[in-house]
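Computed from the coordinates by the stated procedures, all read-outs in this text should not be read as laboratory data. Remember, it's a predicted structure, so these values are computed and weren't measured experimentally. A quick note on method: Cβ atoms are made from the backbone with ideal geometry, for glycine too, and the neighbour counts reach across all protein chains shown.
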Amino acid sequence: MAPGSALIPRLADLSPGTEALRYCFALPAHPESVAGARELTRTRLDAWQLGRDVGDAAVLIVSELVTNAVVHTASTRVVCELSRFGERLRIAVQDQGHPSCGPRLRASSDDEHGRGLVLVDAMSSAWGAHDAQHSSGRIVWAELSHGVEQPSGTDRPC
């Protein structure tokens, strides 16, 4: 089994040789922290050599989830965890307090706000939310499937 963490419980059985990587960071729950979350995510995913398309989607998802945590909760900090298990990337964002109804998809509107989870839904292979197990708050997560990008000039083994 893949080891769990404070944000993500044990997820799935990993076949032998499957690489599991995790990266976690916490930021103050301020609007300017959203840019920091994007930058930290991009830097880590580049180091993990994920494809640009997956990286762009992940950065957008992190931006939306962190924005929601900052805007819609009474948090003082937001924790983000990126996990790569084989060809899956999981993004989890934990806040410290949530409204009783939790995150919801909203019907499209002309308003600039309210479409973040619609984007997360469209860009991810799965997403959801649950109460944090050992603290107050909620964890909202999304998963992306990816292929590992190989450095130029090298071929993937058969």
### Message
Under the rule of at least 5 residues apart or a separate chain, name every residue whose amide H is placed under 5 Å from the amide H of Gly51.
### Response
Gly147, Glu149
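Taking 0.36 nm per intervening residue step and subtracting the Cα-Cα distance, what contour gain separates Ala47 from His134 on full extension?
Numbers: separation 87, 0.36 × 87 = 31.32 nm, distance 3.07 nm.
Residue separation times 0.36 nm, minus the Cα-Cα distance, leaves 28.3 nm.
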### Message
Per residue of the stretch 50-55, what does 6.51 cos²θ - 1.76 cosθ + 1.60 with θ = phi - 60° give for ³J(HN,Hα)? Whole Hz please, x for Gly and Pro, Karplus curve as stated.
### Response
7, x, 4, 4, 5, x
### Query
How large is ³J(HN,Hα), in whole Hz, for each residue of the stretch 26-35 in order, when computed from phi with the Karplus curve 6.51 cos²θ - 1.76 cosθ + 1.60 and θ = phi - 60°, using x for Gly and Pro?
10, 9, x, 7, 10, x, 5, 6, 4, 4
### Task
Using label points projected 7 Å from each Cα along Cα→Cβ, tell me how many nm separate His72 and His30, to one decimal.
2.4
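Run the numbers for Ala122 and Ala20: contour at 0.36 nm per residue of separation, minus the present Cα-Cα distance, in nm.
Details: separation 102, 0.36 × 102 = 36.72 nm, distance 2.51 nm.
Stretched fully, the Ala122-Ala20 segment lengthens by 34.2 nm.
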### Task
Per residue of the stretch 130-146, in order, report the coupling 6.51 cos²θ - 1.76 cosθ + 1.60 (Karplus, θ = phi - 60°) as ³J(HN,Hα) in whole Hz, putting x for Gly and Pro.
7, 5, 5, 6, 10, 7, 6, x, 9, 10, 10, 10, 8, 10, 10, 8, 8
